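Down below is the structure, laid out as structure tokens.
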Amino acid sequence: MNVEPTKADNLVLRRKVHIETWGCQMNVADSERMLSLLEANNYELTASGPEAADLILLNTCHIREKARHKVLSRLGVLDRIKSKKPGLKIAVTGCVAQADGKKLIELAPQIDVLIGPGKIDELPRLLEEREQTGVSAVATGFDRHKDEHGDRGAEHSTISDEPMIHIPSISGKPEVNRFVNIIQGCNNFCTFCVVPFTRGREISRPIPEIVKEVEYMVSQGAKEITLLGQNVNSYGLDLLGRDDVPADGGPFVELLKAVSDLPGVDRVRFTTSNPHDFTKPLAELFSSHPKLGRYIHLPVQAGHDRTLERMKRKVTVEEYMQRIKWLRDAVPGIAISTDLIVGFPGETEEEFEGTLRLIEAVRFSFIYSFKYSPRKGTAATRFLDQIPEDIKERRLAALNQLQDKITLELALADVGSVKHVLFVFNSKKEPGVWIGKTPEFRVVRVHSSADLAGKTLPVKIMGGNKTALVGELVH
Ligand code: 5AD
Ligand code: SF4
């Protein structure tokens, strides 16, 4: 789909959309896709807040507790704006829309359009429907996979299936780092996780479509491309019609090669990897394709086989460590981060200590750590031995204390070295301070009066703490 404005568009006053995106980078990519569809339908982004908008779009997240409560409270505020501005439309999209569906409209009738993540391409049609019928328009659920005729099985969709390649940035400005969704959904059903319920089964986008989208982003100034999916390692298996990743690394390796070979792309990252589908050829790609950098996020969730089994993670600690070895053999010193959950139902002290041992063994560059929280509809909510909150708190604190020490040690080990830093933006609070990332994904702050955005430059690391390094440009 081409979203270049036509002459006719230019004659008509464009309507304004205000977009609020919560949660993960996939939501950012979804918001950008919806903005692209809206631009093709005579909307433009407003930077003047919700009061200036004709359409307010709340793209929501359901990964943590109290998601619905948060949405309702924001809708309360927006409703006051709506009461003063007849004709203002409110759309709720994302995982809360999928999980709560029409129930959310009963609680918040001010919602004009409600769309789950599997139906975002239907936004223009639903806005039209709302206009014509006067009642809230709803689309949730997930389409079947592309069939042999090449459509996604959308029963009512009037949207063309032509690949949409002109995706604007949600900030309305050129961005150095852009996100591209490559696969929707997840087939895994880890017992704690709500994602397969809110994002549906895996549907991959074809490589040529992704490449076109990336090419456009590069033409708009992007230097770093982050490929997104709940489980990027199983990318393309649905297109091949198989359940396991081929021994050569399969379509994901092919996609990474295609994207990192594109001129103008300086760095390629991807998230989230699942250790179960992580292959040795993928680890080896890091040594043959330096644009992949020296960093990977590989969530393990826990460091004991009994916990991993009850989480249905489908790998043991030993198998996880094998993936770490593949990576470190391919790229000595590669930085690895992970996600960890403490207080999963039935987690004993011994099991929790397994997680501490794993942290020591891998020496992650950083971690995202969570207290287990029951998510409606997931298997683990029905497990009997739920862990009391005070124990979860204690375990989380112990985990973070250990990791903070390692994070600091690894960061300070960079002091004195020269790193190639990709500069992303300048600090709003401190003029003259530029923020960039090393190939190991560590944040570096550098003073410079020059415009460094999008440049990769050698930087001598002078010091730092666990959140950021401080460096000087090497002339
Ligand atoms: N409780 C706690 N953490 C969770 N995560 C996902 N579901 C839950 C839950 N029910 C964490 C996992 C996942 C990350 C995105 O969020 O660590 O990798
Ligand atoms: Fe959730 Fe990730 Fe497990 Fe899929 S692989 S169910 S997204 S934790």
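Figure legend. Inter-residue proximity from the stretch 290-314: first residues in contact (Cβ under 8 Å) with a residue 12 or more places away in the chain and part of a loop (DSSP other than H, G, I, E, B), second residues within 15 Å of ligand 2 (Cβ to nearest atom) and of a type in the set (D, E, K, R), beta-carbon distance below 7 Å, spacing 6+ or different chains. Indicated pairs: L298/R323; P299/D339.
Out of G454, G463, I need the residue that is exposed (fewer than 14 other Cβ atoms within 10 Å of the Cβ), outside the structural domain of V342 (by TED's automatic domain parsing) and modelled with pLDDT of 95 or more. Which one? I'd like the intermediate steps shown before the answer.
Numbers: G454 fails: exposed (fewer than 14 other Cβ atoms within 10 Å of the Cβ).
Criteria check complete, one pass: G463.
Of all residues in the stretch 184-202, those satisfying the criterion of being free of Cβ contacts under 8 Å to residues at least 60 places away in the same chain and more than 7 Å from ligand 2 (Cβ to nearest atom) are N187, R201, E202. Taking (1) away from ligand 2 (no atom under 12 Å from the Cβ); (2) of a type in the set (D, E, K, R); (3) under 21 Å from the mean Cα position of the chain (by Cα) in turn, R310 satisfies each apart from (3). Considering the stretch 273-289, and only residues there that are assigned to a loop (DSSP other than H, G, I, E, B) and within 15 Å of ligand 2 (Cβ to nearest atom), the residue that is surrounded by the most Cβ atoms within 10 Å (Cβ to Cβ) turns out to be F278.
Just to check your reading of the model, which residue among A411, A380 is part of a helix (DSSP H, G or I) and closer than 26 Å to P332 by Cβ? First the steps, then the outcome.
Details: A380 fails: closer than 26 Å to P332 by Cβ.
It is A411.
Could you check the stretch 177-192 and list, in sequence order, the residues that are away from ligand 1 (no atom under 16 Å from the Cβ) and surrounded by fewer than 22 Cβ atoms within 10 Å (Cβ to Cβ)? N177, the sole residue that qualifies. Would you pick out the residues in the stretch 429-470 that are assigned to a strand (DSSP E or B), over 19 Å from R294 (Cα atoms) and of a type in the set (G, A, S)? Correct list: G463, G464.
The values are calculated or read from the model by the stated rules, or taken from the named source; none is laboratory data. Because the structure is a prediction, the values reported are computed rather than measured. For neighbour counting, all protein chains shown are included, and Cβ atoms are generated from backbone atoms with ideal geometry for every residue, glycine included.
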